[in-house]
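In what follows, a structure is listed as structure tokens, so that the remarks can point back to it.
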Amino acid sequence: MEILTKVEHHLLPFVTDFFRLTVWLALLMIVFVPLERIFGLHKQKVFRTGFLSDLTYYFLNSLLPKMLLILPMAAIGWGLHFLVPDAVQEHVEAMPLAMRFAASLVVGEFGFYWGHRWCHEIPFLWRFHAIHHSAEEMDWLVNTRAHPLDMVFTRLCGFIPLYVVGLAQPTTETLDVVPLLVVLTGTLWGFFIHSNLNWRFGPLEWLIATPAFHHWHHTYAEPLNKNYSSMLPWVDRIFRTYHMPKAQWPERYGIEAEIAPDLASQLLDPIAARATPLKSFRDLGESGV
């Protein structure tokens with residue numbers, strides 16, 4: 001009985017999370033599938049090539065990175081708590097939630113930008129990130145195609161600046177919702193910018209990332225290594241990696257290198273260094289600056 005009790009204790013949260021993710025998946029499909037059929041940029045099937053593996057990535061990357069981040073984020077948060085002056089922490093803690101959330105989106109974007117850019121410029125990191133860029137058709141579910149360690153690294157890069165400037169409060173007695181809101185907002189926006197939608201937003205495209213902006217990040221042909229930002233394209237303008245033609249879209253997506261077709265190999269090859277698809281970025285290290 002004791003064993004059954006322990007199994008139930010550990011299994012119940014997993015079942016709860018799986019059910020929650022299934023509900024979210026259904027809602028995302030209800031929103032994006034009809035939109036992509038009506039306003040689709042490219043004519044493609046809903047259950048395109050790679051759909052099932054991306055579906056697996058959806059569940060895997062909704063559960064595993066969260067667990068892998070617990071220890072490093074706790075250690076980083078604890079360490080930086082002693083480095084950030086108390087006055088800064090008190091000032092930030094007194095800020096209205098909406099203001100702290102908005103500031104966290106901006107500060108976190110700079111961290112994510114450089115984490116994402118390093119994934120293109122550093123060969124070891126590119127081994128993991130190449131899986132995301134292997135998609136040859138773009139739609140909302142491509143957002144989930146990523147190696148879990150790739151997601152852990154970019155999220156760490158996004159969160160660390162929040163702790164450095166005190167926007168995240170890891171040592172408070174109550175749950176700090178700001179990091180959760182940042183992850184939720186970034187994740188939902190990720191589904192949107194990967195979607196197969198032909199929408200353009202005029203002047204707003206200077207302020208917020210759109211499908212057109214991010215599709216150019218996934219282009220197979222030149223220009224490569226552009227548009228690293230997840231939500232705020234003006235960050236790319238600052239670092240001169242912005243590319244956004246007014247009336248053009250990429251003609252093709254993906255990378256030159258072959259990625260293993262099975263999920264297990266995709267997860268293990270970057271770790272075991274059995275595959276090094278560096279030639280996919282012909283100007284690796286020349287990031288458009």
Could you estimate the translational diffusion coefficient of the stretch 97-253 from the Stokes-Einstein equation, with Rh from the Kirkwood formula over C-alpha pairs, at 37 °C and 0.692 mPa s, in whole µm²/s?
-> 204 µm²/s
Rolling a 1.4 angstrom probe over the protein heavy atoms, how many square angstrom per residue are accessible across the stretch 160-236?
-> 39 Å²
Once the piece of chain linking residue 26 and residue 44 is laid out straight, how much longer is it, given 0.36 nm per residue of separation minus the C-alpha distance between them?
-> 4.5 nm
How big is the stretch 16-162 by Rg and Dmax over its Cα atoms, in Å?
-> 18.3, 55
Could you tell me what percent of the accessible area of the stretch 150-266 is made up of carbon and sulfur, with a 1.4 Å probe and every protein chain present?
-> 64 percent
Tell me, what is the 1.4 Å probe accessible area of residue 91, in Å² to the nearest 10?
-> 130 Å²
Amide H within-cut-off set for residue 197, under 5 Å, with H built and near neighbours excluded | 41
Where the centroid of each part is defined by its Cα atoms, how far is the stretch 10-67 from the stretch 109-166 in Å?
-> 19 Å
Nonlocal amide H pairs with residue 253, under 5 Å, H built at 1.01 Å | 220
Fraction of alpha-carbon pairs over 21 Å apart in the stretch 204-272 - percent | 38 percent
Take each of the peptides 66-76, 124-134, average the number of other beta-carbon atoms within 10 Å over its residues, and list them starting from the highest.
-> 124-134, 66-76
Percent of alpha-carbon pairs separated by more than 11 Å within the stretch 102-142 = 69 percent
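The values are calculated or read from the model by the stated rules, or taken from the named source; none is laboratory data. Remember, predicted model here, so these are calculated numbers, not experimental data. As a convention, Cβ positions derive from the backbone with ideal geometry for all residues, glycine included, and neighbour counts pool all protein chains shown. For the accessible areas, the whole protein counts, side chains as well, though only heavy atoms, and no ligand, DNA or RNA atoms are used. Shrake-Rupley method; radii C 1.70, N 1.55, O 1.52, S 1.80 Å.
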